[in-house]
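Asker: Please see the structure below; I have some questions.
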Amino acid sequence: MSLNEVWILAEQKNGKIQVVSYELLNRARTLADKLNVPLAAILMGCNIAEDEVQELIYRGADEVYLIEHTILNDFLAEPYSNALCHLIDVYKPQILLAGATSTGRTLLPHVAVRKHTGLTADCTILDIEENTGNLLQTRPAIGGNILATIKTPKARPQMATVRPHSTKPASRNPYRQGTLIKPLIPEKCFVSRVKKLDFIEDKTQEISLQQADVVVAAGRGLGRAENFKYIEELAKLLNGAIGASRDVVDRGWITYPHQVGLSGKTVTPKLYMAIGISGAIQHIAGMQTSETIIAINKDPDAQIFKLADLGIVGDALEILPVLIEKLKQYKSQHEQEVTE
Amino acid sequence: MKLIIPIKQVPETGNVKMDENTGTMIREGVESIINPLDLYAIELGIRIKEKFGGEITVISMGPQKAIEAIKEAIAMGCDNGILLSDKRFGGADTWATSYTLSKAIKKIGNFDLIICGERATDGDTGQVGPGIASFLDLPLSTFTSEITYMDEKMMHVKRLVEGGYELLELPLPSLLTVVKEISDPRLPTLHGKQKAKKVEIPIWGPEDIDAELDNIGLKGSPTRVVKTFHPQVSRNGEKYVTRDLESIEKAIEKLINLFKDKQVI
């Protein structure tokens, strides 16, 4: 069996490691242990604090390859791809995983083409094939109606993007030891024809839909755009993100970044609430891997109830105001108990 | 401005029903359509052409039937199309597809911009757009939601990322993959449909694009499907019907208990 390493691509934003990196470490730790090879995290950025790097080791990395350059401060496809391709050429990992984020889903196809290797998108299950040691990559296909298991039998590294939030972040062990490696990357790698000019924060996306533990999503059953105020309030009380069906996005009740489904985002929260959403196949494709699903719908025959762990048949507009009130009461009582 | 728009013909999933016993999609009578996300790319292309003049070439890889999709794009306002169709292209994964489309684009020659839909609704990978940019060594913006400025040499675009939008500057030629926010696709016009009828769509095979046979189709694909299986979609959870205020209160109790149970409150 080859001793080539298993790699994950760590992501950072303003120097802070993103939680998707720890999820990848959790998945990859199992794979590396099965293969009995080291697990390394690749971290690209600029002036990354030492304790951020250390955190990757605490959470399961045996090695961290740290590449720092001013041009790597924010994700740019060209220098990231150049540096990663160089690193692959030198160290020849057998597996490379990244999050199925805007970064992972841009960088990995770019690198896979240049390294002439296979890449599987948005995997939800990863395993090692007995005897061959190949990576088995399972992903939902055709709108989540089937699951397909895919492998890359010959080319290396075997590459996959992994659905964010589809596993728990690796737990932290502050006694874990690991090695920091600062590989030498040729200066010519650090060029980009594309320039990043600015970042415009979207306040309504404060809690990232794909990283949220709770998603409160609404559809046409809400009746009108103004009623989204209930969804906002409920999401706030549950510390969740706001989702929506395609239908209400097309109607302009809420913006596209909130759309869940086949032509929007795929989410895997701990709890998904589908409120006034009938459960069209396109919507289901984007949320069916949620841990727990609650549906509220007037129509007792709505598709969404088949998926729900708890289904409430009723008018969302009658239920929501009461639910919000009860939650507020519960929270204030609970806070009192805590302070007492 | 010379634009190239790669598109894909996909099964129409809009009205698809699921077979409750097998958990599979009922494909009977399912129509083929242009990948819905490619429509946004086509619309953006037409708007750029309306502003700067020029020509839009649509390319697609698929069976002969995919000519319909190319004709529809022309009916919307694109100018010409090329179909890549050959048995040897069959079974391609995203690597081989990106390779094949890149070779065709090289054959077409000069262009200013390639616009792709962010992903196709059937394969759902979003890997072919960035793959083409990589093969052709083009500047790339994925998840593009708006062009805020454009001239003959460069453009400023907004890119939808986690928590907001990035503002990028790209020189031309380059490649964009676009999301729904970028445009509102128009319908084909009668005049466009008449034009599309007359346009000859050349069909290219591997020899026409100088493709290495080892790099196309299943043979050129680094990945292999090991197996497919049906996920357990149905959860058969509790269903509680509310009829009056009392039952609503009961429903809310159930909800709050579940919130506590799942530790979200």
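Asker: With A:Lys151, A:Lys196, A:Lys203 as the choices, which residue is at pLDDT 95 or above and farther than 25 Å from A:Gln288 by Cβ?
Answerer: Result: A:Lys196 is the single residue among A:Lys151, A:Lys196, A:Lys203 that is at pLDDT 95 or above and farther than 25 Å from A:Gln288 by Cβ.
Asker: While we're looking at this one, here's another question. More than 7 Å from chain A (Cβ to nearest Cβ), more than 21 Å from B:Thr57 (Cα to Cα) and of a type in the set (Lys, Arg), is that true of B:Lys250?
Answerer: It is true that B:Lys250 is more than 7 Å from chain A (Cβ to nearest Cβ), more than 21 Å from B:Thr57 (Cα to Cα) and of a type in the set (Lys, Arg).
Asker: Additional query: Just give me the residues in segment B:153-178 being in contact with a helix residue (DSSP H, G or I) (Cβ under 7 Å, 6 or more places away or on another chain) and either assigned to a loop (DSSP other than H, G, I, E, B) or within 7 Å of chain A (Cβ to nearest Cβ) (or both), in sequence order.
Answerer: If the condition is that a residue be in contact with a helix residue (DSSP H, G or I) (Cβ under 7 Å, 6 or more places away or on another chain) and either assigned to a loop (DSSP other than H, G, I, E, B) or within 7 Å of chain A (Cβ to nearest Cβ) (or both), then B:Leu160, B:Gly163, B:Gly164 are the ones that fit.
Asker: Next question, about the same structure. Report whether or not A:Ile128 is within 20 Å of A:Arg163 (Cα to Cα), surrounded by fewer than 22 Cβ atoms within 10 Å (Cβ to Cβ), over 21 Å from the mean Cα position of the chain (by Cα) and of a type outside the set (Lys, Arg).
Answerer: In short, yes.
Asker: Does at least one position in segment A:137-157 carry a residue that is touching a Leu at 6+ places or on another chain (Cβ under 9 Å), surrounded by fewer than 17 Cβ atoms within 10 Å (Cβ to Cβ) and not polar (S, T, N, Q)?
Answerer: Within segment A:137-157, not a single residue is touching a Leu at 6+ places or on another chain (Cβ under 9 Å), surrounded by fewer than 17 Cβ atoms within 10 Å (Cβ to Cβ) and not polar (S, T, N, Q).
Asker: Looking at A:Ala10, A:Ala40, A:Ala49, can you tell me which residue is in contact (Cβ under 8 Å) with a residue 24 or more places away in the chain, among the small types (Gly, Ala, Ser) and over 17 Å from A:Gly99 (Cα atoms)?
Answerer: From the options A:Ala10, A:Ala40, A:Ala49, the qualifying one is A:Ala49.
Asker: Out of curiosity, is A:Val191 at pLDDT 95 or above, under 23 Å from the mean Cα position of the chain (by Cα) and within 12 Å of chain B (Cβ to nearest Cβ)?
Answerer: Taking the combined requirement at face value, the residue does not satisfy it.
Asker: Is it the case, given these coordinates, that A:Leu108 is within 14 Å of chain B (Cβ to nearest Cβ) and either at pLDDT below 95 or out of contact with any helix residue (DSSP H, G or I) (no Cβ under 9 Å at 6 or more places or on another chain) (or both)?
Answerer: In short, no.
Asker: Okay, next question. Going by the structure shown, is A:Leu209 facing another protein chain (nearest Cβ under 10 Å) and touching a His at 6+ places or on another chain (Cβ under 8 Å)?
Answerer: On the way: facing another protein chain (nearest Cβ under 10 Å): yes; touching a His at 6+ places or on another chain (Cβ under 8 Å): yes.
So A:Leu209 passes the test.
Asker: Being assigned by TED's automatic domain parsing to the domain that holds B:Asp151, touching a helix residue (DSSP H, G or I) at 6+ places or on another chain (Cβ under 9 Å) and at pLDDT 95 or above narrows it down to one residue among B:Thr121, B:Thr100, B:Thr13; which is it?
Answerer: Going through B:Thr121, B:Thr100, B:Thr13 in turn, just one is assigned by TED's automatic domain parsing to the domain that holds B:Asp151, touching a helix residue (DSSP H, G or I) at 6+ places or on another chain (Cβ under 9 Å) and at pLDDT 95 or above: B:Thr100.
Asker: So which of A:Arg114, A:Arg172 is surrounded by fewer than 24 Cβ atoms within 10 Å (Cβ to Cβ), more than 20 Å from A:Val37 (Cβ to Cβ), at pLDDT 95 or above and away from chain B (no Cβ under 11 Å)?
Answerer: A:Arg172
Asker: Can you pull out every residue in segment B:212-242 that is at the interface with chain A (Cβ under 7 Å from one of its Cβ atoms) and in contact with a His (Cβ under 9 Å, 6 or more places away or on another chain)?
Answerer: Of everything in segment B:212-242, just one residue is at the interface with chain A (Cβ under 7 Å from one of its Cβ atoms) and in contact with a His (Cβ under 9 Å, 6 or more places away or on another chain), namely B:Pro222.
Asker: Here is a further query. Report, by residue number, each residue of segment A:1-18 that is at pLDDT below 95 and hydrophobic (A, V, I, L, M, F, W, C).
Answerer: A:Met1, A:Leu3
Asker: While we're here: State yes or no: is A:Thr266 at the interface with chain B (Cβ under 10 Å from one of its Cβ atoms) and within 23 Å of A:Lys328 (Cα to Cα)?
Answerer: So A:Thr266 does not fit the description; no.
Asker: Now for a different question. Among the residues of segment B:61-114, how many are among the charged types (D, E, K, R), assigned to a helix (DSSP H, G or I) and either in contact with a Leu (Cβ under 7 Å, 6 or more places away or on another chain) or closer than 17 Å to B:Ser174 by Cα (or both)? Show your work before the answer.
Answerer: Our first condition is that a residue be among the charged types (D, E, K, R); within segment B:61-114, this holds for B:65, B:68, B:71-72, B:79, B:86-88, B:93, B:103, B:106-107, B:112.
Then keep just the ones that are assigned to a helix (DSSP H, G or I); that gives B:65, B:68, B:71-72, B:87-88, B:103, B:106-107.
Then keep just the ones that are either in contact with a Leu (Cβ under 7 Å, 6 or more places away or on another chain) or closer than 17 Å to B:Ser174 by Cα (or both); that gives B:88, B:103, B:106-107.
Matching residues across segment B:61-114 total 4.
Asker: For A:Thr152, which of the numbered conditions (1) within 16 Å of the chain's Cα centre (by Cα); (2) within 21 Å of A:Cys85 (Cα to Cα); (3) hydroxyl-bearing (Ser, Thr, Tyr) fails to hold?
Answerer: All conditions are met except number (1).
Asker: Being without any contact (Cβ under 8 Å) to a residue 40 or more places away in the chain, in a loop (DSSP other than H, G, I, E, B) and within 7 Å of chain B (Cβ to nearest Cβ) is the filter here; which residues of segment A:119-153 pass it?
Answerer: If the condition is that a residue be without any contact (Cβ under 8 Å) to a residue 40 or more places away in the chain, in a loop (DSSP other than H, G, I, E, B) and within 7 Å of chain B (Cβ to nearest Cβ), then A:Ile142, A:Thr152, A:Pro153 are the ones that fit.
Asker: Tell me which residues, restricted to segment A:286-313, are more than 8 Å from chain B (Cβ to nearest Cβ) and of a type in the set (Gly, Ala, Ser).
Answerer: Hits for segment A:286-313 are A:Gly286, A:Ser290, A:Ala295, A:Ala302.
Asker: Turning to a different aspect of this structure: For segment A:68-87, give me each residue that is more than 14 Å from chain B (Cβ to nearest Cβ) and within 17 Å of A:Arg114 (Cβ to Cβ).
Answerer: Scanning segment A:68-87 gives A:Ala83, A:His86, A:Leu87.
Asker: Looking at segment A:178-186, is at least one residue closer than 21 Å to A:Ile48 by Cβ, within 14 Å of chain B (Cβ to nearest Cβ) and in a loop (DSSP other than H, G, I, E, B)?
Answerer: Applying the first criterion (closer than 21 Å to A:Ile48 by Cβ) to segment A:178-186 yields A:178-186.
From what is left, the residues that are within 14 Å of chain B (Cβ to nearest Cβ) are none.
No: segment A:178-186 contains no residue that is closer than 21 Å to A:Ile48 by Cβ, within 14 Å of chain B (Cβ to nearest Cβ) and in a loop (DSSP other than H, G, I, E, B).
Asker: Which one is nearest to the chain's Cα centre (by Cα), of the residues in segment A:304-340 that are surrounded by fewer than 19 Cβ atoms within 10 Å (Cβ to Cβ) and touching a residue at least 12 places away in the same chain (Cβ under 8 Å)?
Answerer: A:Asp309
Asker: Right, another one. Identify all residues within segment A:268-286 that are modelled with pLDDT under 95 and aliphatic (A, V, I, L, M); write none if there are none.
Answerer: Scanning segment A:268-286 gives A:Ala280, A:Ile281, A:Ile284, A:Ala285.
Asker: The conditions are (1) buried (at least 21 other Cβ atoms within 10 Å of the Cβ); (2) facing another protein chain (nearest Cβ under 7 Å), and A:Pro164 fails exactly one of them. Which is it?
Answerer: Looking at each condition in turn, A:Pro164 falls short on (2).
Asker: Can you tell me which of (1) touching a helix residue (DSSP H, G or I) at 6+ places or on another chain (Cβ under 8 Å); (2) away from chain A (no Cβ under 12 Å); (3) more than 30 Å from A:Leu136 (Cβ to Cβ) is the one B:Gln194 doesn't meet?
Answerer: Of everything listed in (1) touching a helix residue (DSSP H, G or I) at 6+ places or on another chain (Cβ under 8 Å); (2) away from chain A (no Cβ under 12 Å); (3) more than 30 Å from A:Leu136 (Cβ to Cβ), B:Gln194 misses just condition (1).
Asker: All but one of (1) more than 26 Å from B:Ser98 (Cβ to Cβ); (2) surrounded by fewer than 17 Cβ atoms within 10 Å (Cβ to Cβ); (3) in the same structural domain as A:Leu76 (by TED's automatic domain parsing) hold for A:Leu197, so report the exception by its number.
Answerer: The single condition A:Leu197 does not satisfy is (3).
The values are calculated or read from the model by the stated rules, or taken from the named source; none is laboratory data. Note that the structure is predicted; figures quoted are calculated from it, not measured. Don't worry about glycine lacking a Cβ; one is built from the backbone with ideal geometry, like all the others, and counts go over all protein chains shown.
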